[in-house]
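J.: The structure that follows is given in the form of structure tokens.
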């Protein structure tokens, strides 16, 4: 069994989804691992990862609007608001999604479906630098 790990940074422009599939695929290719798994992890509590449709951007926009309505900013009973009205909503949105995704690797490539992509889901309004850690294990 072999293991390979790398990290990279995503600079968000604020709330939204940012595709990172190509960066992760490059790390899988550099790993030299033909069969195994790749784990993608975001090291933050106000952003998350999702596997989502990558063909039609309106699917991601609908997801973003859904979360805005599900966990609205300026909720009067939130206590954790030191960094602004999007502070606590960003943490709740992260908790409702995931901080990591695991994808099988076969023949040296991720086995994502035809329309699947891996996305950083930024929950804060302001631009941020987000660190993504990728670990590939297998043979």
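Each reported figure results from applying straightforward, stated rules to the coordinates on display, with no laboratory input. Computed from a predicted structure; not experimentally measured. Neighbour counts run over all protein chains shown; Cβ positions are idealised from the backbone, glycine included.
J.: Take every Cα pair under 8 Å in segment 2-138 that's 6+ residues apart, average their separations, divide by the length, and report that relative contact order as a whole percent.
T.: Values: 282 pairs, mean separation 74.6, N = 137.
Relative CO of segment 2-138 lands at 54 percent.
J.: I want to check the label-to-label distance for residue 111 and residue 8. Put each point 7 Å from Cα in the C-beta direction and report it in nm to one decimal.
T.: With each label placed 7 Å out from Cα toward Cβ, I get 2.3 nm.
J.: What value, in deg cm²/dmol to 500, does the helix sum -39500 (n - 2.57) over DSSP H runs of n ≥ 4 give at 222 nm once divided by the residues of the chain?
T.: That comes out to -8000 deg cm²/dmol.
J.: Here's another thing I want to ask about it. Any idea how far the Cα center of segment 81-127 sits from the one of segment 1-79, in Å?
T.: 3
J.: So if R0 is 22 Å, what FRET efficiency would residue 78 and residue 99 give, r being the distance between their Cβ atoms, rounded to the nearest 0.05?
T.: Once rounded, the FRET efficiency stands at 0.60.
J.: How big is D for the chain, in µm² s⁻¹ as a whole number, if Stokes-Einstein is applied with the Kirkwood radius of its Cα pairs at 25 °C and 0.890 mPa s?
T.: 157
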